[in-house]
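The values are calculated or read from the model by the stated rules, or taken from the named source; none is laboratory data. Treat the numbers as computed from the prediction; the structure is a model and nothing was measured. Cβ placement follows ideal geometry from the backbone for every residue including glycine, while neighbour counts extend to all protein chains displayed. For the accessible areas, the whole protein counts, side chains as well, though only heavy atoms, and no ligand, DNA or RNA atoms are used. Shrake-Rupley method; radii C 1.70, N 1.55, O 1.52, S 1.80 Å.
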Amino acid sequence: MSWLTDRIADGRARVLGSRVEARAGRWWISFQVDVDRADIDARRVAPVHGPVVGIDLGITTFATIAADDGTVTKVANPRHLGRRLHRLRRADKALARAQPGSKNRAKAARRVAEVHLGVSNARADFLHQLTTSLTRCNSTIVVEDLSVAGMIRNRSLARHIVDAGWSEFRRQLTYKAAWYGARLVVADRWYPSTRTCTTCGDINHDLRLADRTWTCHCGAVHDRDGTAAINLLRLAV
Ligand SMILES: [Zn+2]
């Protein structure tokens, strides 16, 4: 709280409103705050000549990041979400079995709410850390058009859950890029990022969604996510 109270004390922030709600058996208060960002922004500026990166979003690998120094980094989709989803299913079952109106039912309902809260906190932490480091360390970030990515890949409930992460990732990346002065480039929806050979530039029109790797006529072997990230990067460089 000192982050906020110090600023309120010397006039760099003021509280516009607040809201109290009960969630998962706890009380939560949230503030709507008007903050003077000048001193924050001055300390957190994306380097003008910093790295340029292309980012491909996926399911098992949440983000594949290709940088202009030639490195490709894979950020795995955090497994704690999976573990919590397992716990959630168990809590849901317990709730379904509990006698209506019973004490056990109230307990089971609170348990479900707690697990939900844990999932959403874990996801929020993961996305915030990733988007903050990306926007603070890079000068330019290229991402794919999300509407297309979602349309193509959105096939099951599990993917719905991941999709929510993708749009939140994009939302955070957009406002943080503006905060830190990084340039955010969104690839044209027809840009063939997964199909273009990074060696010879030929486009593989036979690539199917299930193909994780493919070999070009020129002999180059491509990993789908890595190829997409590199081609996105090339849009900017
Ligand atoms: Zn090729």
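Pop out the carbon and sulfur fraction of the accessible area of the chain as a percent, whole number, probe 1.4 Å. It is 53 percent, rounded to a whole number.
With every protein chain present, what is the per residue accessible area of the range 57-104 (1.4 Å probe, Å²)?
Ligands and nucleic acids excluded, the result is 68 Å² per residue.
Taking every C-alpha pair closer than 8 Å and separated by at least 6 residues, the mean separation divided by the residue count of the chain gives a relative contact order of 23 percent. Backbone geometry of the range 7-23 corresponds, through the Karplus equation with coefficients 6.51, -1.76 and 1.60 at θ = phi - 60°, to 3J(HN,Hα) couplings of 6, 5, 4, 9, x, 7, 8, 9, 8, 8, x, 8, 9, 10, 9, 9, 8 Hz, x marking Gly and Pro. Please work through the chain and write down the cysteines that have no neighbouring cysteine Cβ at a distance under 4.7 Å. Result for the chain is Cys137, no neighbouring Cys Cβ within the cutoff.
Spin-label model, Asp69/Ala236: points 7 Å from Cα along the beta carbon direction are separated by 1.5 nm. Taken along the Cα-to-beta-carbon direction at a fixed 7 Å, the label points for Arg87 and Thr60 span 2.5 nm. Within a straight-line Cα-Cα reach of under 20 Å, Lys93 can be paired with the following aspartates and glutamates, leaving aside sequence neighbours fewer than 8 residues apart in one chain: Glu114. Evaluate the distance, in nm, between pseudo-label points positioned 7 Å from the Cα of Ala94 and of Val185 along their respective Cα→Cβ axes. Simple spin-label model gives 5.1 nm for this pair.
Helical runs (DSSP H, four residues minimum) scored at -39500 (n - 2.57) apiece and divided by the length of the chain put the mean residue ellipticity at 222 nm at -16000 deg cm²/dmol. The H on the amide N of Val33, modeled in the peptide plane, is under 5 Å from the matching H of Leu16, each at least 5 residues off or on a different chain. Beta bridges per DSSP, both residues in the chain: antiparallel share near 75 percent.
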